[in-house]
Amino acid sequence: MPPVIEVRNLVKHFGSTRALDGLDLTVDVGEVHGFLGPNGAGKTTTLRCLLGLLHTDSGSATVLGLDPWRNNVELHRRLAYVPGDVALWPSLTGGEVIDLLGRLRGGLDPTRRAALIARFELDPSKKTRTYSKGNRQKVALIAALASNVELLLLDEPTSGLDPLMERSFREVVAEWRGDGRSVLLSSHILSEAEALSDRISIIRAGRMVETGTLAEMRHLTRTNVVAQLRQVPTGLQDMDGVHDCVVTGNGISCAVEQYALDDFVAALQGFGIVSLATQPPTLEELFLSHYRGA
Amino acid sequence: MSQFTGTRALLRLALRRDRILLPAWMLAYLAYSVGGTAAAIALYPTMQSRVDAASAVNDLPAMLVMYGRVWDPQSLGSVAMMKPIGFGGIFAAILAILLVTRHTRTEEESGRLEVIGSLVVGRWAPLAAALSLATGVMTVLCAVNALGVIGTGLPAGSAWVWAISVSLCGLVFAAITGVTAQLTQAARAANTLAFMMLALAFLLRGTADAAGTPAASAWWSWLSPVGWQDQVKAFAGDRWWALLPPVLTIALLTPAALSLARHRDLDAGLIPQRSGRASAGPGLRSALSLSLRLQRGLMLGLLVSYLLMALLLGSIASTANRFLDSQQMRDWLLRSAGSSDPFVAFMVFEVGFAGVLSALCGVILARRIGSEEQAGRLEPLLATSASHRRLLGAHIVVALLGTTLLQLALALGFWLGNATQSGNFSGLPEAIARTIVYLPAIWVLVGLAFAVFALLPGQAYLSWVAVAATVLVSEFGTLLSWPSLVLDLSPFTHVPRLPATPMLWTPTLWLLLVSGGLLLLALARFPRRDLATP
């Protein structure tokens with residue numbers, strides 16, 4: 001099956017700023033794809049290009065098999081978008097905005113609408129002027145999730161939600177994704193992407209620096225090991241693939257590359273293991289290893 | 001620490017934000033007041049020419065409503081400064097209203113005041129800073145106005161009393177806006193309330209002059225801040241004591257606004273917010289229905305104001321025939337309106353004036369899509385199946401429909417006002433023809449506003465520059481005998497002045513062609529440009 005989103009070598013300038021600098025991105029059918037990057041990396045610009053709201057300078061982008069710039073209207077019938085900063089019409093109520101956006105997208109499911117409003121605890125009869133950022137976000141989320149589309153584009157969708165609502169959001173997205181429906185989830189909240197995503201792409205300064213499943217990406221990083229030993233360990237810090245070693249009495253803590261793990265644990269046994277704790281790298285560390293220094 | 005803490009810093013911020021707007025506005029104002037006066041002085045070299053010009057206003061109720069009475073037909077200042085005296089306070093008030101709302105309710109609505117409010121800033125500081133800004137601007141305006149007019153050779157004392165009365169009128173409306181900004185949650189509504197007060201003040205002054213005697217206006221002029229500015233009778237007796245009512249009003253309204261500001265919450269208005277429908281009605285389902293919904297409040301307000309204004313002017317029009325028609329009067333009317341019949345000339349004046357006003361309203365309606373884009377509200381719409389063209393088309397339909405309705409309301413009001421006075425109920429189709437014929441010219445400016453939105457989204461001010469230039473040409477063009485090349489630039493120059501002149505189809509079709517071309521250009525180019533985001 002062809003991918004839902006296929007971006008090749010995308011370039012977008014704003015004046016002299018190179019916002020997207022040869023970006024590549026592939027989202028497969030049925031997956032939730034985490035799109036991670038720090039502020040200003042080009043996440044929102046990418047999403048706007050995928051919607052055909054911005055004209056790209058060079059490179060190609062295909063969404064659901066369509067060119068977003070040429071076939072924007074046709075495309076928009078088949079996807080729903082939740083912007084990061086949701087601006088609504090202050091004189092309309094939340095319920096009116098949900099219906100309006102749904103109708104303009106080509107219809108929405110009234111049962112799902114009611115269920116989502118209950119789930120997110122939104123009062124739809126209030127004017128959007130009185131809503132907090134979180135409530136405005138809920139309006140956009142409900143309008144998107146209640147519509148019958150194949151693809152969701154979410155731009156930091158939980159940035160205004162409280163932890164309980166964030167959990168509801170995760171559940172709803174997990175339910176929604178079945179039946180070959182796909183999600184592109186831009187975020188800088190790592191735990192969110194970690195919990196929801198099948199694959200992850202990391203963008204930095206307009207360029208994709210890493211793509212893969214979380215498991216694949218963990219191959220690239222170090223496992224944290226903390227051990228208590230019978231004897232004072234020696235020579236471990238000089239092993240290939242072992243970093244940041246700290247030895248305190250009989251204890252040792254260090255970060256070990258994937259390939260060196262086997263040798264390292266074998267070497268530990270030589271000193272007699274009392275206790276051993278290993279911690280897989282968090283997305284946080286993946287993230288940091290991409291942005292620190294590099 | 002008092003509730004005024006931080007006022008000075010906020011005032012500096014406001015000055016920084018308005019560092020281009022304020023000098024530009026001040027220059028435009030001086031061009032109107034001092035430049036216009038300097039040019040007008042040359043037009044009235046003899047006593048007779050002044051008396052003639054003054055009677056052209058004083059003998060026509062419609063002109064009295066618009067400009068106010070020329071209190072001393074023999075005084076050069078009184079005649080040459082007819083327009084700065086008539087409109088000076090109103091223009092100052094418009095700036096004052098926009099300034100005060102911009103730095104109070106707009107800041108609050110945007111959420112920026114929340115950031116400010118968390119700093120070491122008193123509850124009164126934002127309002128106090130906005131009012132101080134208005135006071136400073138009006139003080140500078142007063143000085144440059146007075147010095148400029150003195151520079152044209154007119155008497156200094158009269159120049160000062162006029163300049164002070166103008167700035168005080170501006171300050172009264174700054175204080176009124178200080179109050180309206182506390183009443184409503186939306187900046188737009190605060191502006192609307194203040195502008196309604198200004199329109200009311202103008203109508204009170206106008207009708208009081210039309211109903212008054214050559215020596216004094218009717219009593220209700222004293223209820224209007226615009227009337228107070230007229231009552232100082234600058235260059236015609238200089239009644240300094242008439243500056244007292246505005247000073248007292250400012251002294252009363254400013255503490256009232258501050259006390260309202262102290263007793264309300266951030267983001268709250270004193271007029272409470274009601275709940276609405278939990279789901280959209282069946283009508284709200286397209287880009288067009290949304291833009292109709294967004295603009296209907298403004299449209300209703302404009303339609304009601306138009307109807308009232310036209311009713312009033314229409315009922316005064318029937319009295320135009322009673323007034324003595326000397327040969328000079330006939331000549332003057334023939335020269336400036338194309339007909340020596342006072343009734344016809346009156347129609348031509350008023351309909352022409354209202355036509356330019358409708359163009360301004362049309363551009364306000366047309367600019368809405370630009371402010372929606374700036375606020376980031378086009379993005380969620382364009383991410384649905386609503387296309388760029390459909391969205392822009394919806395706003396174009398609303399602007400064209402809105403201006404058409406305004407012109408129809410104008411015709412209806414004129415006709416009804418005149419018919420109830422004269423008892424002659426025929427002539428509605430003619431009344432409609434007289435106003436509808438202005439639509440192509442109005443639509444040229446509307447089309448230009450849309451074209452600017454589509455092609456130069458960052459240069460929205462160009463639409464306003466075009467409107468301002470049109471106002472200048474129609475206000476001064478014939479009066480100062482500008483070259484026809486300049487006059488021809490204004491679309492309104494090409495409108496046939498029914499019924500003084502016969503219907504001219506060629507210029508009308510050209511205007512339609514130009515406006516249609518501009519609209520098509522906008523529709524063709526908007527889908528091709530990047531969406532601007534806040």
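The values are calculated or read from the model by the stated rules, or taken from the named source; none is laboratory data. Predicted model only: the values in this text are computed from it and were never measured. Positions of Cβ are backbone-derived with ideal geometry, glycine not excepted, and every protein chain shown enters the neighbour counts.
Considering only the range A:92-144, state which residues are at the interface with chain B (Cβ under 7 Å from one of its Cβ atoms) and either over 29 Å from B:Asp265 (Cα atoms) or not in a helix (DSSP H, G or I) (or both). Reasoning before the result, please.
Just the residues of the range A:92-144 that are at the interface with chain B (Cβ under 7 Å from one of its Cβ atoms), to begin with: A:93, A:95-96, A:99-101, A:103-106, A:124-127, A:129-130, A:140.
Hits for the range A:92-144 are A:Thr93, A:Asp99, A:Leu100, A:Leu101, A:Arg103, A:Leu104, A:Arg105, A:Gly106, A:Pro124, A:Ser125, A:Lys126, A:Lys127.
Let me confirm something: among A:Ala80, A:Ala87, which residue is surrounded by fewer than 22 Cβ atoms within 10 Å (Cβ to Cβ) and either modelled with pLDDT of 95 or more or within 13 Å of chain B (Cβ to nearest Cβ) (or both)?
After ruling out the rest, the residue left standing is A:Ala87.
Within the range B:510-531, is even one residue under 30 Å from B:Tyr32 (Cα atoms), modelled with pLDDT of 85 or more, out of contact with any Gly (no Cβ under 8 Å at 6 or more places or on another chain) and more than 14 Å from chain A (Cβ to nearest Cβ)?
yes
Return a yes/no flag: does the range A:29-41 have any residue that is surrounded by fewer than 22 Cβ atoms within 10 Å (Cβ to Cβ), of a type in the set (A, V, I, L, M) and either part of a strand (DSSP E or B) or touching a Gly at 6+ places or on another chain (Cβ under 6 Å) (or both). Give the derivation first.
Here is the first cut: in the range A:29-41, the ones surrounded by fewer than 22 Cβ atoms within 10 Å (Cβ to Cβ) are A:29-31, A:38-40.
Imposing the further condition that a residue be of a type in the set (A, V, I, L, M) reduces the set to A:29.
Checking the rest, the ones that are also either part of a strand (DSSP E or B) or touching a Gly at 6+ places or on another chain (Cβ under 6 Å) (or both) come to A:29.
There is at least one residue in the range A:29-41 that is surrounded by fewer than 22 Cβ atoms within 10 Å (Cβ to Cβ), of a type in the set (A, V, I, L, M) and either part of a strand (DSSP E or B) or touching a Gly at 6+ places or on another chain (Cβ under 6 Å) (or both).
Looking at the range A:161-182, is at least one residue within 14 Å of another protein chain (Cβ to nearest Cβ) and outside any strand (DSSP E or B)?
no
B:Ala40: touching a helix residue (DSSP H, G or I) at 6+ places or on another chain (Cβ under 9 Å), outside any loop (DSSP other than H, G, I, E, B) and either at pLDDT below 90 or not assigned by TED's automatic domain parsing to the domain that holds B:Ala218 (or both), yes or no? Steps first, please.
Numbers: touching a helix residue (DSSP H, G or I) at 6+ places or on another chain (Cβ under 9 Å): yes; outside any loop (DSSP other than H, G, I, E, B): yes; either at pLDDT below 90 or not assigned by TED's automatic domain parsing to the domain that holds B:Ala218 (or both): yes.
Taking the combined requirement at face value, the residue satisfies it.
Do we have A:Val73 as at the interface with chain B (Cβ under 8 Å from one of its Cβ atoms), free of Cβ contacts under 8 Å to residues at least 12 places away in the same chain and within 27 Å of the chain's Cα centre (by Cα) here?
Taking the combined requirement at face value, the residue satisfies it.
May I ask you to verify whether A:Arg8 is away from chain B (no Cβ under 12 Å), part of a strand (DSSP E or B) and in contact with a strand residue (DSSP E or B) (Cβ under 6 Å, 6 or more places away or on another chain)? Write out each step before concluding.
Details: away from chain B (no Cβ under 12 Å): yes; part of a strand (DSSP E or B): yes; in contact with a strand residue (DSSP E or B) (Cβ under 6 Å, 6 or more places away or on another chain): yes.
It is true that A:Arg8 is away from chain B (no Cβ under 12 Å), part of a strand (DSSP E or B) and in contact with a strand residue (DSSP E or B) (Cβ under 6 Å, 6 or more places away or on another chain).
Looking at the range B:43-56, which of its residues are of a type outside the set (Gly, Ala, Ser), in a helix (DSSP H, G or I) and surrounded by fewer than 21 Cβ atoms within 10 Å (Cβ to Cβ)? Talk me through it step by step, then tell me what you get.
Taking the range B:43-56 first, the residues of a type outside the set (Gly, Ala, Ser) are B:43-48, B:50-52.
Pick out the ones that are also in a helix (DSSP H, G or I) and you get B:47-48, B:50-52.
Result: B:Met47, B:Gln48, B:Val51, B:Asp52.
Can you work out which of the residues in the range A:49-101 that are β-branched (Val, Ile, Thr) and in contact with a Lys or Arg (Cβ under 6 Å, 6 or more places away or on another chain) is farthest from A:His13 (Cα to Cα)?
In the first step, residues of the range A:49-101 are kept if they are β-branched (Val, Ile, Thr); the result is A:56, A:62-63, A:73, A:82, A:86, A:93, A:97-98.
Within this subset, residues satisfying the condition of being in contact with a Lys or Arg (Cβ under 6 Å, 6 or more places away or on another chain) are A:56, A:86, A:93.
On the way: A:Thr56: 8, A:Val86: 24, A:Thr93: 37 Å.
Selected residue: A:Thr93.
Of the residues A:Leu53, A:Leu47, which is within 14 Å of another protein chain (Cβ to nearest Cβ), in a loop (DSSP other than H, G, I, E, B), in contact with an Asp or Glu (Cβ under 7 Å, 6 or more places away or on another chain) and under 22 Å from B:Arg529 (Cβ atoms)?
Details: A:Leu47 fails: in a loop (DSSP other than H, G, I, E, B).
Just one listed residue meets the conditions, A:Leu53.
Any residue that is under 27 Å from the mean Cα position of the chain (by Cα), modelled with pLDDT of 80 or more and either within 30 Å of B:Arg377 (Cα to Cα) or not assigned by TED's automatic domain parsing to the domain that holds B:Ala190 (or both) - is there at least one of those in the range B:255-270?
The answer is no; no qualifying residue exists.
State which residue is modelled with the lowest pLDDT when the search covers only the range A:175-187 and only residues that are of a type in the set (Gly, Ala, Ser) and within 14 Å of the chain's Cα centre (by Cα).
My answer is A:Ser187.
Please determine whether any residue of the range B:345-360 is crowded, with 19+ Cβ neighbours inside 10 Å, among the β-branched types (Val, Ile, Thr) and within 14 Å of another protein chain (Cβ to nearest Cβ). Break it down into steps so the answer makes sense when it comes.
Let us first name the residues in the range B:345-360 that are crowded, with 19+ Cβ neighbours inside 10 Å, namely B:345-351, B:354-356, B:358-359.
Now narrow it down to the ones that are among the β-branched types (Val, Ile, Thr): B:348, B:351, B:356.
So of that shortlist, the ones also within 14 Å of another protein chain (Cβ to nearest Cβ) come out as none.
Checked against the condition, which is being crowded, with 19+ Cβ neighbours inside 10 Å, among the β-branched types (Val, Ile, Thr) and within 14 Å of another protein chain (Cβ to nearest Cβ), the range B:345-360 yields no hits at all.
Specify the residue that is modelled with the highest pLDDT; the eligible residues are those in the range B:313-324 that are assigned to a helix (DSSP H, G or I) and surrounded by 19 or more Cβ atoms within 10 Å (Cβ to Cβ).
Step one: list which residues in the range B:313-324 are assigned to a helix (DSSP H, G or I), which gives B:313-317, B:320-322.
Add one more test, that the residue is surrounded by 19 or more Cβ atoms within 10 Å (Cβ to Cβ), and what stays is B:313-317, B:320.
Numbers: B:Leu313: 79, B:Gly314: 83, B:Ser315: 77, B:Ile316: 72, B:Ala317: 74, B:Ala320: 61.
Ranking the qualifying residues of the range B:313-324, first place goes to B:Gly314.
Somewhere in the range B:62-71, is a residue buried (at least 19 other Cβ atoms within 10 Å of the Cβ) and hydroxyl-bearing (Ser, Thr, Tyr)?
For the range B:62-71, residues buried (at least 19 other Cβ atoms within 10 Å of the Cβ) and hydroxyl-bearing (Ser, Thr, Tyr): present.
When you go through A:Asp99, A:Asp67, A:Asp123 one by one, which is the residue that is of a type in the set (Asp, Glu), assigned by TED's automatic domain parsing to the domain that holds A:Leu185 and closer than 25 Å to B:Glu114 by Cα?
Working: A:Asp99 fails: closer than 25 Å to B:Glu114 by Cα; A:Asp67 fails: closer than 25 Å to B:Glu114 by Cα.
A:Asp123 is the lone residue from the list that is of a type in the set (Asp, Glu), assigned by TED's automatic domain parsing to the domain that holds A:Leu185 and closer than 25 Å to B:Glu114 by Cα.
Check whether at least one residue in the range B:426-439 is touching a Gly at 6+ places or on another chain (Cβ under 8 Å) and over 30 Å from A:Ala87 (Cα atoms), and report yes or no.
Start the filter on the range B:426-439 by keeping residues that are touching a Gly at 6+ places or on another chain (Cβ under 8 Å), which leaves B:435, B:438.
Among the residues that remain, those that are also over 30 Å from A:Ala87 (Cα atoms) are: B:435, B:438.
Taking every residue of the range B:426-439 in turn, at least one turns out to be touching a Gly at 6+ places or on another chain (Cβ under 8 Å) and over 30 Å from A:Ala87 (Cα atoms).
Only residues that are closer than 13 Å to B:Ala433 by Cα and exposed (fewer than 13 other Cβ atoms within 10 Å of the Cβ): list them for the range B:485-504, please. Walk me through how you get there before you give the answer.
We begin by selecting, within the range B:485-504, every residue closer than 13 Å to B:Ala433 by Cα; these are B:495-504.
Within the range B:485-504, B:Pro502, B:Met503 qualify.
Would you confirm whether any residue within the range B:109-118 is part of a helix (DSSP H, G or I), farther than 21 Å from B:Leu223 by Cβ and touching a Lys or Arg at 6+ places or on another chain (Cβ under 7 Å)?
So the first thing to find is which residues in the range B:109-118 are part of a helix (DSSP H, G or I), and the list is B:109-110, B:112-117.
Filter once more, so that each one left must be farther than 21 Å from B:Leu223 by Cβ: B:109-110, B:112-117.
Adding the requirement that they be touching a Lys or Arg at 6+ places or on another chain (Cβ under 7 Å) leaves none.
No, because not a single residue in the range B:109-118 is part of a helix (DSSP H, G or I), farther than 21 Å from B:Leu223 by Cβ and touching a Lys or Arg at 6+ places or on another chain (Cβ under 7 Å).
Go over the candidates A:Pro110, A:Pro124 one by one and state the one that is more than 18 Å from the chain's Cα centre (by Cα) and surrounded by fewer than 23 Cβ atoms within 10 Å (Cβ to Cβ). Walk me through how you get there before you give the answer.
Details: A:Pro124 fails: surrounded by fewer than 23 Cβ atoms within 10 Å (Cβ to Cβ).
Just one listed residue meets the conditions, A:Pro110.
Looking at the range B:57-79, is at least one residue over 21 Å from B:Asp341 (Cα atoms), under 18 Å from the mean Cα position of the chain (by Cα), in a helix (DSSP H, G or I) and not assigned by TED's automatic domain parsing to the domain that holds B:Ala468? Explain how you work it out, then say what you get.
Let us first name the residues in the range B:57-79 that are over 21 Å from B:Asp341 (Cα atoms), namely B:68-79.
Next, only the ones that are under 18 Å from the mean Cα position of the chain (by Cα) stay: B:68.
Checking which are in a helix (DSSP H, G or I) leaves us with none.
So far as the range B:57-79 goes, no, none of its residues is over 21 Å from B:Asp341 (Cα atoms), under 18 Å from the mean Cα position of the chain (by Cα), in a helix (DSSP H, G or I) and not assigned by TED's automatic domain parsing to the domain that holds B:Ala468.
Answer yes if at least one residue in the range B:428-439 is surrounded by fewer than 18 Cβ atoms within 10 Å (Cβ to Cβ) and either within 14 Å of another protein chain (Cβ to nearest Cβ) or among the charged types (D, E, K, R) (or both), and no otherwise. Give the steps one after another, and end with the answer.
Initially, the range B:428-439 is screened for residues surrounded by fewer than 18 Cβ atoms within 10 Å (Cβ to Cβ), giving B:428-430, B:432-433, B:436.
After this cut, where a residue has to be either within 14 Å of another protein chain (Cβ to nearest Cβ) or among the charged types (D, E, K, R) (or both) as well, the list is B:430.
For the range B:428-439, residues surrounded by fewer than 18 Cβ atoms within 10 Å (Cβ to Cβ) and either within 14 Å of another protein chain (Cβ to nearest Cβ) or among the charged types (D, E, K, R) (or both): present.
Give A:Ser191, A:Ser253 a once-over and let me know the one that is assigned to a helix (DSSP H, G or I), among the polar types (S, T, N, Q) and more than 30 Å from B:Ser385 (Cα to Cα).
Answer to the check: A:Ser191.
A:Gly37 fails exactly one of the following numbered conditions: (1) among the small types (Gly, Ala, Ser); (2) more than 30 Å from A:Thr26 (Cα to Cα); (3) away from every other protein chain (no Cβ under 12 Å); (4) in contact with a helix residue (DSSP H, G or I) (Cβ under 6 Å, 6 or more places away or on another chain). What is the number of that condition?
Of the numbered conditions (1) among the small types (Gly, Ala, Ser); (2) more than 30 Å from A:Thr26 (Cα to Cα); (3) away from every other protein chain (no Cβ under 12 Å); (4) in contact with a helix residue (DSSP H, G or I) (Cβ under 6 Å, 6 or more places away or on another chain), the odd one out for A:Gly37 is (2).
Would you kindly identify the helices (runs of 4 or more DSSP H) lying entirely within the range B:183-301 that contain at least 1 residues that are within 14 Å of chain A (Cβ to nearest Cβ), of a type in the set (A, V, I, L, M) and under 30 Å from B:Gly122 (Cα atoms)?
On the way: elements: B:187-211, B:225-231, B:244-262.
Qualifying helices (runs of 4 or more DSSP H): B:187-211.
Of the residues in the range B:372-396, how many are at the interface with chain A (Cβ under 7 Å from one of its Cβ atoms) and either in a helix (DSSP H, G or I) or not basic (Lys, Arg) (or both)? Give the steps one after another, and end with the answer.
Going residue by residue through the range B:372-396, those that are at the interface with chain A (Cβ under 7 Å from one of its Cβ atoms) are B:375-377, B:379-387.
Adding the requirement that they be either in a helix (DSSP H, G or I) or not basic (Lys, Arg) (or both) leaves B:375-376, B:379-387.
Qualifying residue count, the range B:372-396: 11.
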